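Take a look at the structure set out below.
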Amino acid sequence: MFSLTVNPQRVATNTSDRIIKMYSGLSGIILKLYDLAYIERWNDHPKPFNITELDKQAHKAAIAYVIGRFEEGLRDKELNWSYLIEGLIFEAIQRAILTDIKPQVFHRLLKERSKEINEFVADKVGNHIKNFDQELHSRFLSYFQDFNGLEKRIIKASHFLATYWEFQMIYSVGIRFYGIERVKEEIEDTIEDFFDLVAVERIYLHKKTYNFIDLVGQLRFQKRWILSPRIPLTTVLGHMFIVAALSYLLSLKLGACQRRRFLNFFTGLFHDLPEVTTRDVIAPVKREAGISDILKDYEREQVERVILPLLPEFLREEFSYILGFLDKGDEFSNRIIDKGVVREVSSITESMNRDELYPIDGKLIKGCDNLGAYIEAALSLYHGVRSRHLKSAVESIGSRLKKESYEGIDFGNLVIQIDKELGEI
């Protein structure tokens, strides 16, 4: 017989080290996703506007939501949304590492050198993902070995539809360029291969569903921090993808059920969609001018009049709930649906962490929204682009986040790790 003596101090130290590694890993993942904002697409074509990879990935995610929910609602298909959402995040990370490779070259590399490409990507970002969550790291490695499945077809279809949306803009100004007709034909032929997905044909043929996708795409034109020059420039659409990814990844740490992960991701992805009707009114103006209530009422009216009618009937209630408008509440409130009634709650307890209650961690999403704003300002200072607005934002948002936590998620620790990654700003 023998006894094992446990040193409480060593256990505490090991626990502390794991927590620091977790936050360090997450900060590395998010900063890698922000690299997408530097990558300009269609660099060998005339462009009517700045087209970044971050906006493309955000648009792709919004399209995937529509295609996936159509398959469930109209075809009675069952999707693994966690796999689909993680696929969106993993492919965005992959693209951030491989940068702006011409699509034809990119797809050939993946076809003929997939093992080498996947190893290269894993080498560049694997430690960040492993430090954050070892099980997620395993899924990251295995994702790029999978080739079949409805979820992957939805992601691929969304990729090409988002590309085609961009190309339609480029085509109008580059129609005289050699080879552009061939590019058009290749994209259109590829999209036709996905016509078995009911929403793809509707979007491609510019039916009502296309107008929703087009409306989401308009957030590519709305710049964040309009009073301040920044590097990298980010749009409202790109910001929403960052918030969505953060919300999903932190949902894993909360042990969130499948529907809670789904709702947290897509609430983050669409949380600023009503701004397509108002533009991005900066927080100090909303707060100091006392116009938040007026803007919220106007947004609600526009959502009901303009946005919801673009979606099929079976999606409108869910989408209104995602936006926080179903109960005339707030997109950043914690809420569940209990016996058909939306209830705002202070926290999502263990008993509420059930698919049938449709839990949303609005306060978590708000923290991710603030963290996204902090990183945007901090990145600009890191690059030497300074203004009083950015400096004030880093100080005020950073100070607020360092006091903020949610169900054990310490946003202050995340800020500390982000600052370490960026160095002295």
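The values are calculated or read from the model by the stated rules, or taken from the named source; none is laboratory data. Everything numeric in this text was worked out from a predicted model, so none of it was measured. Here the Cβ positions follow ideal geometry from the backbone for every residue, glycine too, while neighbour counts run over all protein chains shown. What goes into the accessible areas is simple: the full protein's heavy atoms, side chains included, and nothing from ligands, DNA or RNA. Shrake-Rupley method; radii C 1.70, N 1.55, O 1.52, S 1.80 Å.
With a cut-off of 8 Å between alpha carbons and a minimum separation of six or more residues, what is the relative contact order of the chain in percent? It would help to have the intermediate numbers written out before the result.
Values: 506 pairs, mean separation 73.7, N = 425.
Relative contact order here is 17 percent.
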Please give, to one decimal in nm, the separation of the simple spin-label points placed at PHE120 and LYS21, each 7 Å out from Cα toward the Cβ. 2.8
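Mean Kyte-Doolittle hydropathy of 1.6 or higher plus an axial Cα length of 20 Å or more: which whole DSSP H helices in the chain meet both? All intermediate terms of the calculation are to be shown ahead of the outcome.
Numbers: long enough: 8-34 (39 Å, 0.04); 53-75 (31 Å, -0.38); 81-98 (25 Å, 0.97); 114-132 (25 Å, -0.65); 150-174 (35 Å, 0.17); 236-253 (26 Å, 1.66); 362-382 (30 Å, 0.44).
For the chain, where a helix must reach 20 Å along its axis and average at least 1.6, the hits are 236-253.
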Let me have the relative contact order for the range 62-176, percent, based on Cα pairs under 8 Å that are six or more residues apart. 44
Can you give me the accessible area per residue for the chain, using a 1.4 Å probe, in Å²? 46
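Could you look at the chain and say what percent of its accessible area is carbon and sulfur, using a 1.4 Å probe and all protein chains? Intermediate results must be reported in sequence, preceding the final value.
Numbers: 9950 of 19720 Å².
Carbon and sulfur together cover 50 percent of it.
Counting only helical runs of four or more DSSP H residues, what would the 222 nm mean residue ellipticity of the chain come to if each run contributes -39,500 (n - 2.57) and the total is spread over all its residues? Please list the in-between numbers first.
Values: 18 runs with 267 residues, N = 425.
Helix contribution divided over all residues of the chain: -20500 deg cm²/dmol.
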Compare the Cα positions of SER351, VAL394, ALA373 along the charge dipole of the range 327-408 (+1 at Cβ of Lys, Arg; -1 at Cβ of Asp, Glu; about the Cα centre) and return the one farthest towards the positive end. VAL394
Computed label-point distance, nm, for sites ARG108 and ARG386 using a 7 Å Cα→Cβ extension: 4.8
Loop-located trypsin sites (Lys or Arg not before Pro) in the range 134-179, at most 10 other Cβ atoms within 10 Å (DSSP): ARG176
Checking LYS32, LYS111, LYS391 against a Gaussian network model of the chain (alpha-carbon springs below 10 Å), the top fluctuating residue turns out to be LYS111
Along the chain, longest interval not containing exposed GluC sites (Glu not before Pro), exposed being DSSP loop plus at most 13 other Cβ atoms within 10 Å: 79-423
Connecting C-alpha atoms closer than 10 Å in a GNM of the chain, tell me which of SER158, SER320, SER387 has the biggest fluctuation. SER387
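Please compute the length gained on full extension between GLU317 and VAL198, using 0.36 nm multiplied by the number of residues separating them and subtracting their Cα-Cα distance. Mind showing how you got there, number by number?
Details: separation 119, 0.36 × 119 = 42.84 nm, distance 2.03 nm.
Computed gain between GLU317 and VAL198 is 40.8 nm.
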The rounded separation in angstrom of the Cα centers of the range 116-174 and the range 329-389 is 25
